[in-house]
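Notes for the one structure printed next.
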Amino acid sequence: MAFTLSHQTSAKLKNPKKHNHYGFRDFYQFDPDKGTIVDWNNSQNVLTSEDFIIGLVEGLEEEVGDASAATMYTIGCEWGQKDAFFFENWFEKEYDRPMRQTNLMFLLETWWWSFTAQGWGRWEVDLGDRKQGFMFINVFDSAVARTLGDVGKPVCFLYAGLFAGFFTELVKKQLSCIEIQCYSMGETYCKFLLGGQERIDAASFWLNEGATARDIEKRLRAGELK
Amino acid sequence: MLSQIQRLAQETEGRYATDEELRFLADYARSYELRVQTYQKLQTCEMMIIQQVQAKMRAIDPMLFRQGNEDLTNKWKRDTLRVLRYSAAAMLIDDPESLRERFLFWFQTIMRAFNAQKSCGVTYTVMQDVIKQVLTPSEANLILPILEVNRRMLGTV
C-alpha cells in the first residue's frame with residue numbers, strides 16, 4: 001500500500017510559505033499513531049542513535065573491508081542526486097521561483113538547512129575558487145565523525161558522496177568530492193573539496209603522501225594537478 | 001518564558017518546584033502589563049520606527065541599501081519588519097531563547113548568504129537609538145536586550 005506523507009501541523013496549514021520553519025517543533029510532525037516523523041517538506045524521517053551509526057560503519061567494514069569507504073561514498077552520491085530533485089521541488093513551491101534563477105549562496109543555505117535541522121551538522125561553503133572549478137565545504141559537528149571520535153583517518157564518506165551527488169545535479173556537470181580534513185583525525189571540523197575528478201584524484205594522492213588540508217588548498221590555488 | 005516553563009516541567013518531574021525555581025513566573029507576572037503595553041506601542045509605531053531607522057541609515061551611508069546596481073530598500077524593509085515583529089513577540093512572552101532557536105539561527109545564515117552583515121549591524125544599532133526615543137525607559141529596557149541579540153547574531157561577520 002502506498003500513501004503520501006504530509007506535514008500538516010497547524011503552523012504549516014496556517015502559514016505554508018513560512019520560511020523560518022527549522023525550529024524543532026515547527027520542522028517535525030510526530031504522529032505516534034502511524035509511527036511516523038514527517039518533516040516540513042513531507043519527507044519521512046527516522047531517529048537513530050550513535051550506536052546505529054557505529055553499527056552501520058563497522059558492519060559495512062566487516063562485510064566489505066576497504067571497499068566500505070567507496071560504498072558509503074556511492075550511497076551518499078545517490079542520495080545527493082535524488083535529494084537535488086526533491087529539493088528543487090520543495091524550493092520552487094516554497095519560494096515561487098526557479099531554483100536556477102536564485103542567488104547561489106541563498107539556495108545552498110536553504111538546501112542545507114534541512115540537514116542542519118536533522119542533526120547532520122552546520123556547514124560553511126567557500127565559493128571563492130568556484131571560477132577555477134573547485135570549492136571547499138566545512139562541516140561542523142559531522143554526525144558520523146562526532147560519533148566515531150578520533151580514529152586518525154577521515155570517516156565522512158557519506159557526506160563527500162552527498163555533496164558530489166547534489167552538486168553534480170545542481171550544475172549538471174560530473175563532480176567528485178573528497179574529505180581532506182576530518183574531526184576524526186583530531187581536527188576541530190571536517191573539510192571537503194569538491195571539483196572535477198582530476199583535481200579530486202590529485203588531492204587524494206597528496207593526502208596519501210601526508211599533505212594537510214592547508215597544503216592541498218595552496219597547491220590547488222597554485223594551479224598544481226600532480 | 002515558554003522555554004523556561006518547559007524546562008521547569010522537565011526538571012520538577014514528580015516533585016514540587018522550589019520557590020527559587022518559580023521565581024521567573026512571579027517576575028513575568030510583575031512585568032506582564034508593561035510587556036503588553038510595550039508590545040502594543042511597538043505595533044502602533046512600527047512604521048515610524050522603520051522609517052526613522054531607514055532615514056538615519058541613509059544619512060550614515062546610502063550604500064547600505066545598495067548592492068551593485070540593485071536597490072535593496074524594499075527587501076531591507078521586509079526583512080527589518082519581520083525581525084521587529086519576531087522581536088516584539090519574543091519580548092511579549094519573554095522568550096529570547098525561542099527567538100534564537102526558531103528564527104535567528106536560520107536568518108543569520110540567510111543574511112550571511114547575501115553578505116548583509118554590515119547592513120544588519122547598522123540596522124539594529126540604529127534601531128536601539130530610535131527605540132529609546134519612542135518608548136519610555138522601562139519599556140525600552142524590555143526590548144533593547146533583544147535588539148542587541150539581533151545585532152550580535154545578524155550583524156557580525
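Bear in mind these aren't lab numbers, they're just calculated from the coordinates by the rules spelled out. Bear in mind the structure is a predicted one, so any value in this text is a computation, not a measurement. Don't worry about glycine lacking a Cβ; one is built from the backbone with ideal geometry, like all the others, and counts go over all protein chains shown.
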Exercise for review: Calculate the radius of gyration of the Cα atoms of the stretch A:49-221 to one decimal place, then report Dmax, the largest Cα-Cα distance, as a whole number, both in Å.
Suggested key: 15.8, 48
Review point. Mind listing which trypsin sites (Lys or Arg not before Pro) in the stretch B:1-97 are in a DSSP loop and have 10 or fewer other Cβ atoms within 10 Å?
Key: B:Arg15
Review point. If you project the alpha carbons of the stretch A:1-128 onto their three principal axes, what span does each projection cover, largest first, in Å?
Key: 50, 47, 28
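Most exposed first by the Cβ proxy, i.e. fewest other Cβ within 10 Å, how do A:Lys172, A:Lys34, B:Lys118 rank?
Values: A:Lys172 7, A:Lys34 10, B:Lys118 14.
Fewest-to-most ranking of A:Lys172, A:Lys34, B:Lys118: A:Lys172, A:Lys34, B:Lys118.
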Point to revise | Vicinal HN-Hα couplings computed from phi for the stretch B:104-114 (Karplus, 6.51 cos²θ - 1.76 cosθ + 1.60; Hz; Gly/Pro x) | key: 5, 4, 5, 5, 4, 5, 5, 4, 5, 4, 9
Exercise for review: Mind checking which aspartates and glutamates have their Cα closer than 16 Å to the Cα of A:Lys172? Skip sequence neighbours fewer than 8 apart in that chain.
Suggested key: A:Glu78, A:Asp83, A:Glu88
Review point. With a ≥ b ≥ c the root eigenvalues of the C-alpha gyration tensor of the stretch B:33-155, is it rounded (a/c under 1.5), prolate (a/b larger than b/c) or oblate?
Key: oblate
Check your understanding: Over the stretch A:91-226, what relative contact order in percent results from Cα pairs under 8 Å that are six or more residues apart?
Key -> 19
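Within the stretch B:1-39, list the chymotrypsin sites (Phe, Trp or Tyr not before Pro) lying in a DSSP loop whose Cβ has at most 11 other Cβ atoms in a 10 Å radius.
Numbers: sites: B:Tyr16, B:Phe24, B:Tyr28, B:Tyr32, B:Tyr39; in loops: B:Tyr16.
Sites meeting the loop and neighbour criteria: B:Tyr16.
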Practice item. Sort B:Glu101, A:Glu179, B:Glu148, A:Glu109 so that the residue with the fewest other Cβ atoms within 10 Å of its own Cβ comes first and the one with the most comes last. Key: B:Glu148, B:Glu101, A:Glu109, A:Glu179
Point to revise | Shape call, the stretch B:105-157: gyration tensor on alpha carbons, a/c limit 1.5 | key: prolate
**Study point:** Hits among lysines - C-alpha to C-alpha of B:Lys77 under 29 Å, sequence gap 8 or more where chains match
**Key:** A:Lys12, A:Lys14, A:Lys17, A:Lys18, A:Lys93, B:Lys41, B:Lys56, B:Lys118, B:Lys132
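For the stretch A:84-126, rounded, prolate or oblate, judged on the Cα gyration tensor with a ≥ b ≥ c (square roots of eigenvalues), a/c < 1.5 rounded, else prolate if a/b > b/c? Show your work: numbers first, answer last.
On the way: a/c = 2.60, a/b = 1.47, b/c = 1.77.
Note, shape of the stretch A:84-126 comes out oblate.
Using Cβ contacts closer than 10 Å as the measure, can you line up A:Cys156, A:Cys177 from fewest to most?
If I rank by nearby Cβ atoms, fewest first, I get A:Cys156, A:Cys177.
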Study note, to complete from the structure: Sequence order, the stretch A:168-184: Karplus ³J(HN,Hα) from phi using 6.51 cos²θ - 1.76 cosθ + 1.60, θ = phi - 60°, Hz rounded, Gly and Pro as x, gives 4, 6, 5, 9, 6, 8, 5, 10, 10, 8, 9, 8, 9, 7, 9, 4, 6
